[in-house]
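The values are calculated or read from the model by the stated rules, or taken from the named source; none is laboratory data. All values derive from a computational prediction rather than experimental measurement. Cβ placement follows ideal geometry from the backbone for every residue including glycine, while neighbour counts extend to all protein chains displayed.
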Amino acid sequence: MKEIRLHGRGGMGTVKASQIIVYANVARNGYGNSIPFFGFERQGAPVTAFVRLDEKPIRPKTQVYHPDCVIILDPTIQNAVDVFHGMKQGGICVINTPERAEDLKLPSVVGTAAAVDATSLAYSRLGKAITNTAMLGAFVKATGWVDLAAVVEKVVEFWGKENGDLVEEAYAETVVHRRDMT
């Protein structure tokens, strides 16, 4: 089972992104569940969503405490939340940042860093900093756990072709850096 924790802010589409990841896994005959967690329900407040993916039915319906992957939709969230808490050794970090993946200062538990400037891509294509669709493209590139076409299909269904194109653009722009874990 793969466990994923998404960190964002209210209004960024964090919860909807988690649902699309599950949809993409189910579309290829897998299983998944998505669980949102809201603190203060207001725009800009920290939001966390939890995802589990597997090839067999998933029984746990709790938060993810030891993620294989952490997706950070807004890099400033790290000032308010310990986004790496409980992360499995060698885990994957997918982060919205203009920095190069290999230059990121990440904890030693992170084995793979995937970076994309989702904010700039979203502004350029959508005119606003809603980064969830761009981060979905980055997640697919970093992990390969779900199918890009399935993600794009569902994104287009929810938000239209521009957002689907943004998923593909972010996929192409994401730089994945595998760290030496020895």
### Query
Only one residue in Asp82, Asp147, Asp103 is within 15 Å of the chain's Cα centre (by Cα) and of a type in the set (Asp, Glu), so which one is that?
Asp147
## Note on the structure
Val146 fails exactly one of (1) free of Cβ contacts under 8 Å to residues at least 24 places away in the same chain; (2) over 14 Å from Asn96 (Cβ atoms), namely (1)
### Query
When you scan the range 85-100, how many residues do you find that are under 13 Å from the mean Cα position of the chain (by Cα) and closer than 13 Å to Val176 by Cβ?
4
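Quick one: which of Thr174, Thr119, Thr143, Thr133 is crowded, with 19+ Cβ neighbours inside 10 Å and in contact with a Cys (Cβ under 7 Å, 6 or more places away or on another chain)?
Numbers: Thr174 fails: in contact with a Cys (Cβ under 7 Å, 6 or more places away or on another chain); Thr119 fails: in contact with a Cys (Cβ under 7 Å, 6 or more places away or on another chain); Thr133 fails: in contact with a Cys (Cβ under 7 Å, 6 or more places away or on another chain).
None of the other options fit; the residue is Thr143.
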### Message
Residues that are farther than 25 Å from Ala150 by Cβ and out of contact with any Ser or Thr (no Cβ under 7 Å at 6 or more places or on another chain): list the strands (runs of 3 or more DSSP E) wholly contained in the range 10-87 that include at least 3 such residues.
### Response
none
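Among what's in the range 3-61 and is among the aromatic types (Phe, Trp, Tyr) and within 20 Å of Ile95 (Cα to Cα), pick the residue that is modelled with the lowest pLDDT.
Phe37
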### Query
Does any residue in the range 67-80 that is closer than 18 Å to Asp54 by Cβ come within less than 8 Å, Cβ to Cβ, of a residue that is surrounded by fewer than 24 Cβ atoms within 10 Å (Cβ to Cβ) and of a type in the set (Lys, Arg) six or more places away or on a different chain, and which pairs are these?
Pro67/Lys88; Asp68/Lys2; Asp68/Lys88; Cys69/Lys2
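Results for (1) modelled with pLDDT of 95 or more; (2) in contact with a helix residue (DSSP H, G or I) (Cβ under 9 Å, 6 or more places away or on another chain), shown as yes or no for each residue.
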site	(1), (2)
Gln89	yes, no
Arg100	no, no
Ala113	yes, yes
Ala122	yes, yes
Met135	yes, yes
